[in-house]
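Reading through the structure tokens given below for one structure.
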Amino acid sequence: MQCKCGNIPLSLEVKSPGINRGRWYLKCPTGTCKFFAWDESPHPFIRHNPEMYASIVPRAHTRPFMNFVRFDERDPKSAIKVTKIPVVFSRLSKDLIGIKAKANLTVDPVIAGIENIKWSDLHKQYTIPATIQSYNLALSRLPKDIPNLQIEIEPIPPFLLDSMIEERMLEVQAALQDPNTMTDIEFKWSEFVDSDLYQLLTPTQRNGVLFGLERDGRVLFGDENGIGSIGEVLALIECYKEEWPVLVICPNILRESWKFEIKNWLGLNDDEIYILDSKAATKDTFKQTGVKRKKDVKPTMRMSYKKRVERRLKEEGYKSSDSEEDDNDDDEKEEVYENEDKSSQEGSNVKFYIASHEHAARRRKEIRNKRFKIVLCADSHYLKSWTKSESKFICEMLTRHRRVILTADSIRYHRPMDLFTQVRTLAPNLFPDFESYSKRYCDPKNTVFGYQYSGKSNEFELNFLLNSHIWYAPVSKELKPHFPEYVRNTIIFSIKKSLILKHQVEDLIQMSINCDILDEELVEELVI
């Protein structure tokens, strides 16, 4: 076929929205004549000879286009305009895998023809069963090596694929397991059910304890205000009582409140709960028991036998180092050392150590040497910045402990960017760096000020990942029948005396001259 100019026409695709979008048409390569015709090729994916684009020669005595290139300088591949079609695979739930692609008349029929595929109005994308076979089949059905189409496939992250394999293996092991035998999780749960603490919790809090046991003590409690995350956190710590002592990291103003809650829920004494002082040396708080200290030995020169005999005859009270009495002195030194060792063991009565975020970041080496097996980090949403040194040090320290329990208020409503530090703390193997995490879930945008990560993408997959591996965050609207209308919490804090407070007290005393409403006992306490 030739146009009115006698040249081989160009074959192009309709890009503008409408009924004919995706159809191919023919037009004059030079634009001299107004030739137009629809390309009714019977092939499912139109493939034109690349030489036809390179063989375009303008008509004589006509002005060529500005972007015209001579035949010998033209690249055959550059003649075809490529259309990029992104196809994203995501794990929507335990039973579904989602396929989301950009609308295209060539790709859409291929995706719709995949076996066992369905359209989900809830997720607004195609879904297939969450099996490795269905996933590999869908990947193989996508078209490849098409000159005018470039399929950009974004696969499911490897750890989510491994989780599908582990789920199937666990189902097989559960079917083959003897029903009379109990696992470690079932044994700890049965002990917790028989305890008095079980009766004090609501059904929602009990489910949170069970979820923490299933996650092997690495969990984030993101309950909303009023649901009662303190009770389920301390109940989970009670299940691992054989691994005490416990380190509690919280904001500085809430240290006294956590001490009060621990005494109230677990029934401990004041001697068993110790608040770390930021001014005191941490090495005096965490004493290593059973570690020998080096003795201060002064260097001396051994005298000859002749000189020792002469000195013994001249000095009546002189005793050589080879005498038996000196050996007895050494025994006394050893007894003193044993007493010092026993005095250091008195610190083992402490079951809970409470430190602020700043103190824990500053003394992270001493805390690491103590080798706590259980660490509770309250209000972990303060550690959301992955560039701040304090949050960076604390998160690196927490990844090395066996049981890590985090608490945060209304964590379900936070942006994916603010969840990275907490997700990486509990599961460091999921995302090695922020770049891979942000590309998958933060929808990064390149602006004049740099990349912005405040967006959201693949929300269903992120929610599934968090609900199954990271957090326990029930919504308050669904739990209203289990809780009263009003919940009272006790917050204990101390006020530092300063000159400003002193001047305020003096003003109150001056006001008390003209009125009798002021509490005299309160004024006396503030003055003292």
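Taking H as built 1.01 Å from N, whose amide H comes closer than 5 Å to the amide H of Val248, not counting residues under 5 places away? When sequence neighbours closer than 5 places are left aside, the close amide H contacts are Tyr353, Ile354, Ala355, Leu376. The per residue volume of the convex hull around the alpha-carbon atoms of the stretch 350-475 is 120 Å³. Once the C-beta distance of Ser190 and Lys27 is scaled by a Förster radius of 60 Å, the resulting FRET efficiency is 0.20 to the nearest 0.05.
Most tightly packed first, judged by the mean number of other beta-carbon atoms within 10 Å of their residues, the peptides 26-35, 376-385 read 376-385, 26-35.
Counted residue by residue at 0.36 nm each, then reduced by the alpha carbon distance between them, the extension gain from Asn252 to Glu166 reaches 26.8 nm. Do the alpha carbons of any pairs in Lys392/Lys477; Lys84/Lys456; Lys188/Lys263; Lys188/Lys477; Lys388/Lys439 sit beyond 27 Å of each other, and which pairs? Listed pairs above 27 Å: Lys392/Lys477; Lys188/Lys477. Legend: calculated FRET efficiency, Ser120 to Lys34, from the Cβ-Cβ distance at R0 = 56 Å, rounded to 0.05, equals 0.75.
Using the Cβ-Cβ distance between Ala174 and Glu152 with R0 = 45 Å, the FRET efficiency computed as 1/(1 + (r/R0)^6) comes to roughly 0.70.
Extension gain, Asn207 to Glu310, is 28.7 nm, computed as 0.36 nm per intervening residue step minus the present C-alpha separation.
Ordering Tyr441, Tyr198, Tyr274 by accessible surface, largest first, gives Tyr274, Tyr198, Tyr441; the 1.4 Å probe counts only protein heavy atoms, with every chain in place. Here is the result for the stretch 109-172: no chymotrypsin sites (Phe, Trp or Tyr not before Pro) lie in DSSP coil with at most 12 other C-beta atoms within 10 angstrom of their C-beta.
Spin-label pair Asp433-Asp507: with each label point 7 Å from Cα along the Cα-Cβ axis, the two points sit 5.5 nm from one another. Taking amide hydrogens as placed 1.01 Å from N in the peptide plane, the amide H of Tyr472 sits under 5 Å from those of Leu220, Phe221, Gly222, each at least 5 positions away in sequence or on another chain.
The values are calculated or read from the model by the stated rules, or taken from the named source; none is laboratory data. Keep in mind that what you see is a predicted model, and the values were worked out from it rather than measured. With ideal geometry, Cβ positions are generated from the backbone for all residues, glycine too; neighbour counts draw on all protein chains shown. Ligands, DNA and RNA are excluded from the accessible area calculation, which covers all protein heavy atoms including side chains. Shrake-Rupley method; radii C 1.70, N 1.55, O 1.52, S 1.80 Å.
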